[in-house]
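Only one structure is covered here, and it is reproduced in the block below.
The values are calculated or read from the model by the stated rules, or taken from the named source; none is laboratory data. All figures in this text were calculated on a predicted structure; none of them were measured in a lab. Note: ideal-geometry Cβ built from the backbone for every residue, glycine included; neighbour counts use all protein chains shown. These accessible areas exclude ligands, DNA and RNA; they are computed on the full protein's heavy atoms, side chains included. Shrake-Rupley method; radii C 1.70, N 1.55, O 1.52, S 1.80 Å.
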Amino acid sequence: MHGAGDVRFFDRVAPLYDLVMPPASGEALAAGFDRAKRPIEQLLDLGGGSGRAAAAIAGPETTVVDASVPMLTRARTGRGLSAVAGDAGQLPIRDDAVDAAMVVDALHHLPDRTTTLREAARVLAPGGVLVVQEFDPTHPLGRALEVAEHAIGMRSTFVAPDELADELFAVGFTPTVIDRGFSYTVAGVRRDATEPRR
């Protein structure tokens with residue numbers, strides 16, 4: 001799921017990760033999930049690591065998918081979440097199987113963003129929603145984060161909110177930028193094949 005070097009980094013920091021990372025913003029995620037055109041009963045947390053973001057969501061049955069087994073162990077044992085080792089570019093999930101998916105602070109670690117977004121569209125049922133929280137590389141703090149991650153050997157690739165919205169549209173979503181700033185949120189509702197493109 002992450003670039004190989006990124007996975008090794010998260011394998012090493014798994015025991016300390018939750019001590020140093022702030023909680024995810026459940027409010028911004030909820031605003032994205034409100035865009036769904038169907039009830040949300042099944043939720044995938046892609047690149048969800050220790051389940052930090054999943055823990056901020058109450059209600060749906062949530063499965064964390066990540067490439068770092070030590071991080072998934074923390075999601076299972078520390079938070080009692082369902083967790084599956086997998087690659088976001090080849091999700092071990094059948095078509096149209098879930099109502100919502102999220103990628104929180106992780107999309108920049110994935111080696112092929114377009115493939116990940118296509119896979120999310122594949123596993124979401126029509127009317128389901130993908131919510132992405134990311135860091136904006138055009139924001140001064142976003143630029144600093146990109147430099148810092150590259151300095152420690154990560155191959156992070158950040159994307160600005162409007163560019164991400166365009167990419168979501170291209171793979172079958174109707175996107176909305178929910179909020180902007182150093183951290184931003186974009187939600188995309190999976191279009192039905194019969195819906196007009198605009």
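When you scan segment 45-57, how many residues do you find that are assigned to a loop (DSSP other than H, G, I, E, B) and closer than 14 Å to HIS109 by Cα?
From segment 45-57, those assigned to a loop (DSSP other than H, G, I, E, B) are 47-53, 57; that's our starting set.
Checking which are closer than 14 Å to HIS109 by Cα leaves us with 47-49.
Summing the residues that are assigned to a loop (DSSP other than H, G, I, E, B) and closer than 14 Å to HIS109 by Cα in segment 45-57 gives 3.
Can you list residue pairs whose Cβ atoms sit under 6 Å apart, with the first residue in segment 143-167 being closer than 19 Å to THR185 by Cβ and the second being of a type in the set (Val, Ile, Thr) and crowded, with 18+ Cβ neighbours inside 10 Å? Count only pairs 6 or more apart in sequence or on different chains.
Sorted first by the residue in segment 143-167, then by its partner, the pairs are PRO161/VAL186; LEU164/VAL186; ALA165/VAL186.
For residues that are in a loop (DSSP other than H, G, I, E, B) and in contact (Cβ under 8 Å) with a residue 40 or more places away in the chain, scanning just segment 58-83, find the one that is farthest from VAL129 (Cα to Cα). Give the steps one after another, and end with the answer.
Here is the first cut: in segment 58-83, the residues in a loop (DSSP other than H, G, I, E, B) are 58-60, 67-68, 80-81.
Now restrict to residues that are in contact (Cβ under 8 Å) with a residue 40 or more places away in the chain: 60, 67-68.
On the way: PRO60: 13, ALA67: 22, SER68: 25 Å.
Going through the qualifying residues, I end up with SER68.
Using beta carbons and a limit of 7 Å, which pairs, at least six apart or on different chains, have the first residue in segment 117-134 and on the phi < 0 side of the Ramachandran plot and the second one in a strand (DSSP E or B) and among the charged types (D, E, K, R)?
Pairs found: ALA121/ARG190; LEU124/ARG190; ALA125/ASP99; PRO126/ARG190; GLY128/ASP99; GLY128/ARG190.
Of all residues in segment 57-69, how many are closer than 15 Å to GLY86 by Cβ and either hydroxyl-bearing (Ser, Thr, Tyr) or open to solvent by 10 Å² or more (accessible area, probe 1.4 Å) (or both)? Give the derivation first.
We begin by selecting, within segment 57-69, every residue closer than 15 Å to GLY86 by Cβ; these are 62-69.
Keeping just the survivors that are either hydroxyl-bearing (Ser, Thr, Tyr) or open to solvent by 10 Å² or more (accessible area, probe 1.4 Å) (or both) gives 62-63, 67-69.
The total comes to 5.
Identify all residues within segment 114-157 that are touching a Leu at 6+ places or on another chain (Cβ under 6 Å) and either open to solvent by 20 Å² or more (accessible area, probe 1.4 Å) or of a type in the set (Gly, Ala, Ser) (or both); write none if there are none.
Those that are touching a Leu at 6+ places or on another chain (Cβ under 6 Å) and either open to solvent by 20 Å² or more (accessible area, probe 1.4 Å) or of a type in the set (Gly, Ala, Ser) (or both): GLU119, ALA120, PHE135.
Considering only residues that are in contact with a helix residue (DSSP H, G or I) (Cβ under 6 Å, 6 or more places away or on another chain) and without any contact (Cβ under 8 Å) to a residue 24 or more places away in the chain, which ones fall in segment 84-102?
Answer for segment 84-102, where residues must be in contact with a helix residue (DSSP H, G or I) (Cβ under 6 Å, 6 or more places away or on another chain) and without any contact (Cβ under 8 Å) to a residue 24 or more places away in the chain: just ALA85.
Residue check, ARG74 against (1) farther than 19 Å from THR176 by Cα; (2) open to solvent by less than 10 Å² (accessible area, probe 1.4 Å), all met but one. Which one?
Condition (2) is where ARG74 drops out.
So GLY26 passes all but one of these: (1) touching a strand residue (DSSP E or B) at 6+ places or on another chain (Cβ under 9 Å); (2) open to solvent by less than 40 Å² (accessible area, probe 1.4 Å); (3) of a type in the set (Gly, Ala, Ser); (4) at pLDDT below 90. Which condition number does it fail?
(1)
Residues that are free of Cβ contacts under 8 Å to residues at least 40 places away in the same chain, surrounded by fewer than 24 Cβ atoms within 10 Å (Cβ to Cβ) and not polar (S, T, N, Q): does segment 44-51 have at least one? Even if it seems obvious, please write down each step before you answer.
Taking segment 44-51 as the starting set, the residues that turn out to be free of Cβ contacts under 8 Å to residues at least 40 places away in the same chain are 50-51.
Filter once more, so that each one left must be surrounded by fewer than 24 Cβ atoms within 10 Å (Cβ to Cβ): none.
Within segment 44-51, not a single residue is free of Cβ contacts under 8 Å to residues at least 40 places away in the same chain, surrounded by fewer than 24 Cβ atoms within 10 Å (Cβ to Cβ) and not polar (S, T, N, Q).
Of the numbered conditions (1) at pLDDT below 95; (2) of a type in the set (Gly, Ala, Ser); (3) outside any loop (DSSP other than H, G, I, E, B), ALA100 fails exactly one; give the number of that condition.
Condition (1) is where ALA100 drops out.
In the set ASP95, ASP99, which member is crowded, with 16+ Cβ neighbours inside 10 Å and either touching a His at 6+ places or on another chain (Cβ under 7 Å) or of a type outside the set (A, V, I, L, M) (or both)?
Working: ASP95 fails: crowded, with 16+ Cβ neighbours inside 10 Å.
The conditions single out ASP99.
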